[in-house]
Amino acid sequence: MLMTDHPQRPSLTPLGETEMEVLHHVWDLDQATVADVHERILAQRKVAYTTVMTVMKKLAAKGFLRFERDGASYVYSADRSPDDVRAGLLGNLLDKVFRGSPTALVQALVHREDLSEADRERIRHLVDGLPDGLSDGLPDETAPADS
């Protein structure tokens with residue numbers, strides 16, 4: 001067993017890449033068996049049926065999926081909506097990476113070189129459409145503090 005001086009750090013998100021991939025397929029299908037999700041993933045890349053089954057069981061244990069028995073199969077459906085999962089993951093990222101600063105998160109997003117001008121315009125439109133009081137008077141959280 002490999003020992004290190006660094007304890008394993010918790011993930012930035014409670015979901016791994018394959019777990020998110022599986023969740024997206026279940027959301028797209030509304031209800032799915034392991035075979036349904038396995039078939040969809042196989043269209044993109046190789047993956048073992050047992051891997052998909054294990055991931056779906058873990059997602060159910062974490063409260064992201066629920067299941068019911070249908071004959072010899074289990075039929076899975078989402079226990080959390082895409083918006084609920086996105087909000088939770090974004091809140092986690094906001095707290096851990098941006099120290100709770102929505103301004104820093106948006107600044108990091110809009111300063112990305114790969115962000116298209118159309119996306120910048122959509123973001124501008126979203127911010128301009130905030131109800132009064134939500135966009136006005138927000139402090140610039142990245143400005144240096146007064147000494």
| request: Scan (1) surrounded by 14 or more Cβ atoms within 10 Å (Cβ to Cβ); (2) β-branched (Val, Ile, Thr); (3) at pLDDT 95 or above for the single condition Val85 breaks and write down its number. | output: (3)
| remark: Checked the range 55-76 for anything exposed (fewer than 15 other Cβ atoms within 10 Å of the Cβ), among the small types (Gly, Ala, Ser) and either part of a helix (DSSP H, G or I) or modelled with pLDDT of 95 or more (or both); matches are Ala61
| task | Would you mind stating whether Gly100 is in a loop (DSSP other than H, G, I, E, B), modelled with pLDDT of 90 or more and not assigned by TED's automatic domain parsing to the domain that holds Val34? | result | yes
| task | Just give me the residues in the range 29-47 being exposed (fewer than 14 other Cβ atoms within 10 Å of the Cβ) and touching a helix residue (DSSP H, G or I) at 6+ places or on another chain (Cβ under 8 Å), in sequence order. | result | Ala35
| note | Across (1) buried (at least 18 other Cβ atoms within 10 Å of the Cβ); (2) at pLDDT 95 or above, Leu15 clears everything bar (2)
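For Leu94, state whether it is exposed (fewer than 15 other Cβ atoms within 10 Å of the Cβ) and within 15 Å of the chain's Cα centre (by Cα).
no
The values are calculated or read from the model by the stated rules, or taken from the named source; none is laboratory data. Keep in mind that what you see is a predicted model, and the values were worked out from it rather than measured. Reconstructed Cβ throughout: ideal geometry from the backbone, glycine too, with neighbour counts over all protein chains shown.
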